[in-house]
Structure formats: structure tokens, C-alpha cells
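Novice: Provided herewith is a single structure, encoded as C-alpha cells, for subsequent inquiry.
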Amino acid sequence: MNANGELDVMTDDQAKTWFHVFVTAVYFFPIFGAIISDAFFGKYRTILALSIVYCLGHLTLAIDDTRTGLAIGLGLIAIGSGGIKPCVSAHVGDQFGQTNADLLPRVFAWFYFAINVGALASILFAEPLLHRFGSSVAFGVPGVLMALATLVFWMGRHEFVHIPPGGVTFLREVFSREGLAALGKLFILYTFIAMFWALFDQQGSAWVLQAQRMDRHFIVDWDPSQAQWLNPALVLLFIPLFNRVIYPAFDRFWPLTSLRKISLGLFLTVPAFLLPAWLEARLDAGESGNIVW
């Protein structure tokens, strides 16, 4: 809406710009979240404080449907979500020591499983909430759930292992010649990963617009943005499949380290990203296809 309460819908190009600026901010703020956490506040307090910022972002989106409200709300969510991104997985790892380190692969599998359950639920339910009850409810419900999660996280404050921040000494080590050289060795890997995410996050913009031009009937009629449900659904299927079948089979003749898994995954995504490009060419040629194929 505009300031007068009149409908002020974005063009497709404007919507894509807003979306990708937001995603860029979400993945830019982890740099600061990591520094704040490891140098000053520790992971737990950083997660707790920025989760509150995250909730305020949802509150802003729920009560203000103007461009200004959108900018402030998305900005707060980018700070909150981006700031806790480098801390959450590491905080999970902090809970394990030498005596129970063997449980880490199973714990992170369940952790990743839970994240994708949330992703799948949000994709399936956010759009119906938007159409039936409006943007206030569509943004307010996940905000309430995030507030509940923050409350539960606070209630466990005495149960967690808390790793103290490293202070100024940590900053000096990171920005020393040796620290920067260590980061530089990862630059090539970061380049490929950045390219992957730049393409992958088209699923929230260009591929939604692509879905609008397709036949979206599969059992029921799907909204364009709900076409993304297949990604978390397949993740939920693949976690037990890979951990129990594929990875053990590979380990018998070629142990799959984390770097090997990442490298293989990057190569496998090349044909995956070529498929929507081919589909877009077919749509431009006047053809229409069902989302199933």
C-alpha cells in the first residue's frame, strides 16, 4: 500500500530487486554477527538478542503494509536472521565435547531435518494465510512462532554450554597476517558457494514468476510461491537416504569428507540450474508445461 492506504503493487522487476537486496543483506550480516559473537557477547547472548530484533521485524511487517514498513521490517529481519546465522549451528556444536562427539553427525542431521520441516510448513501455509487473512496475519503468525522459539531458547539458558567470547585478542588473531591468510585460502571455495546461492535464491523470485506462467495443478492448485515446497520436502527425504544408504556405500571405497561432499554437490547443481533455464526458453517459445515435469 502507499501512504494513503491505496494499493501500490510492485512490478516484477521491482519485486525481484527488493527480494534480492533483502537476501543479500541476510547473507551480509553474518559477518558482523560472527564478530560480535566471538569477540564480545558469545553465541548464546548474540542469538537471544538478535532473535528479538528478528521478532520486531515481523511485528513491523504485520502492522505496516507500506513500502516504508516493508523496508524497516525486512531490514530488522535481515539483521536478526543474518546475525544469528553464524552462531546457531556453532552453538549446537558447543554442546558436545570429546565424550559425546560421536553424536554430532546424528544431531546435525536432526537439526537440519527440523529446519526443513519449518521451511516446508512456511511455504505451504504462508501463502494461504496471506490470501485468506491478509498480510498482517501472514507475517504475524511466523513472528509469534519466532517469539515462542526465542522464549523456549531463553528458558534453556541454564542448560546450555556457554563458550565465552574471545575479546580483543580474538579480533587481533582474525585480522592478523596469519588470520587473513587462512581466510584467503578459503576464497576459491567461497566464490563457488556464492555463485551457488546467487542461483539457488532465484527460487524465491525469478522461479516464482516462472511458475506463474505454468500449469500448477498437481492434486490441488498450487500458488506460484508454493512451487518451492519440493526443495525442503526432498531434503527431508534425502537426509535419511544419504546418511543411512548413500554415504555408507561410498565410504566403503572412497570416504566422503565434508569438502568432497561440497565439491560433488557443486558439480551436480550445474545440470540442476540448467533445467529452469531450459524451461524458461520453452515458456518464451509459447509452450506451457505442468510444474510436475
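Novice: Got a sec? What order do LEU199, LEU236 fall in by accessible area at 1.4 Å, biggest, i.e. largest, first?
Specialist: Listed by decreasing accessible area, they come as LEU199, LEU236.
Novice: Accessible area of GLU6, 1.4 Å probe, to the nearest 10 Å²?
Specialist: 100 Å²
Novice: Compute the Cα gyration tensor for segment 5-68, then decide on rounded, prolate or oblate, letting a ≥ b ≥ c be the square roots of its eigenvalues: rounded whenever a/c is under 1.5, prolate when a/b is larger than b/c in the other cases, and oblate in all that remain.
Specialist: oblate
Novice: Once a ≥ b ≥ c are taken as the square roots of the eigenvalues of the Cα gyration tensor of segment 82-193, is the result rounded (a/c under 1.5), prolate (a/b larger than b/c) or oblate (a/b not larger than b/c)?
Specialist: prolate
Novice: So what does LEU264 come to for accessible area, using a 1.4 Å probe and Å² rounded to 10?
Specialist: Result for LEU264: roughly 70 Å² accessible.
Novice: So what are the ³J(HN,Hα) numbers for segment 200-215, from phi and the Karplus equation (6.51, -1.76, 1.60; θ = phi - 60°), rounded to whole Hz, Gly and Pro as x?
Specialist: 4, 6, 5, 5, x, 9, 4, 6, 5, 5, 5, 5, 4, 8, 10, 6
Novice: Further question on the same structure: Calculate, for the chain, the solvent-accessible area per residue in square angstrom, rolling a 1.4 angstrom probe over the heavy atoms of the protein chains.
Specialist: Dividing the accessible area of the chain by its residue count gives 64 Å².
Novice: Follow-up. Enumerate the calculated ³J(HN,Hα) couplings along segment 74-85 in order (Karplus 6.51 cos²θ - 1.76 cosθ + 1.60, θ = phi - 60°), each rounded to whole Hz, writing x wherever the residue is Gly or Pro.
Specialist: Result, rounded to whole Hz: 5, x, 5, 5, 4, 5, x, 5, x, x, 8, 4.
Novice: Then there's this: What percent does the relative contact order of segment 1-148 come to when contacts are Cα pairs within less than 8 Å and at least six residues apart?
Specialist: 29 percent
Novice: Right, something else. Taking H as built 1.01 Å from N, whose amide H comes closer than 5 Å to the amide H of ASP215, not counting residues under 5 places away?
Specialist: Answer set, sorted by chain and number: GLY289, ASN290, ILE291.
Novice: First compute the accessible area of segment 134-222 with a 1.4 Å probe, then give the percent of it belonging to carbon and sulfur atoms.
Specialist: Numbers: 4480 of 6230 Å².
C and S fraction of accessible area: 72 percent.
Novice: Further question: Only helical DSSP H runs with n ≥ 4 go in: add -39500 (n - 2.57) per run for the chain, normalise by residue count and round the 222 nm mean residue ellipticity to 500 deg cm²/dmol.
Specialist: Calculated at 222 nm, the ellipticity per residue is -23500 deg cm²/dmol.
Novice: For segment 64-143, rounded, prolate or oblate, judged on the Cα gyration tensor with a ≥ b ≥ c (square roots of eigenvalues), a/c < 1.5 rounded, else prolate if a/b > b/c?
Specialist: The shape class here is oblate.
Novice: Right, another one. Amide H of LEU256: which non-local residues (sequence gap of 5 or more, or other chain) have their own amide H closer than 5 Å, using H built in the peptide plane?
Specialist: ASP251
Novice: Residues in segment 54-76, backbone N under 14 Å from the label point at ASN2 (7 Å along the Cα-to-beta-carbon vector): list them, ranges by number please.
Specialist: Correct set: 66-68.
Novice: How high is the relative contact order of the chain, given as a whole-number percent (alpha carbon pairs under 8 Å, six or more residues apart)?
Specialist: 22 percent
Novice: Something else about it: Compute, for LYS261, the solvent-accessible surface of its heavy atoms (probe 1.4 Å) with the complete set of protein chains present, and express it in square angstrom to the nearest 10.
Specialist: For LYS261, the solvent-accessible surface is approximately 80 Å².
Novice: Given R₀ = 35 Å, what would the calculated FRET efficiency be for PHE125 paired with LEU171, taking r from the Cβ atoms and rounding to 0.05?
Specialist: 0.25
Novice: Also, I was wondering about something else. Which of LEU209, LEU183, LEU56 moves most in a GNM of the chain, Cα contacts under 10 Å?
Specialist: Comparing LEU209, LEU183, LEU56 in the GNM, the peak value goes to LEU183.
Novice: Same structure, new question: Return the single residue from GLY140, GLY83, GLY179 with maximal mean-square fluctuation; model: Gaussian network over the chain, springs between Cα atoms under 10 Å.
Specialist: Among GLY140, GLY83, GLY179, the largest GNM mean-square fluctuation belongs to GLY179.
Novice: Report, in debye and to the nearest 20, how large the dipole of segment 161-266 comes out about its Cα centre when Lys and Arg carry +1 and Asp and Glu carry -1 on their Cβ.
Specialist: Roughly 400 debye, rounded to the nearest 20.
Novice: Leaving ligands and nucleic acids out of the surface, order ARG213, ARG244 by accessible area at 1.4 Å, largest first. Mind dumping the intermediate values first?
Specialist: Details: ARG213 100, ARG244 190 Å².
Ranked from most to least accessible, the order is ARG244, ARG213.
The values are calculated or read from the model by the stated rules, or taken from the named source; none is laboratory data. Computed from a prediction, not measured in an experiment: that's the story for all the values here. For neighbour counting, all protein chains shown are included, and Cβ atoms are generated from backbone atoms with ideal geometry for every residue, glycine included. For accessibility, only protein heavy atoms count, side chains too; no ligands or nucleic acids. Shrake-Rupley method; radii C 1.70, N 1.55, O 1.52, S 1.80 Å.
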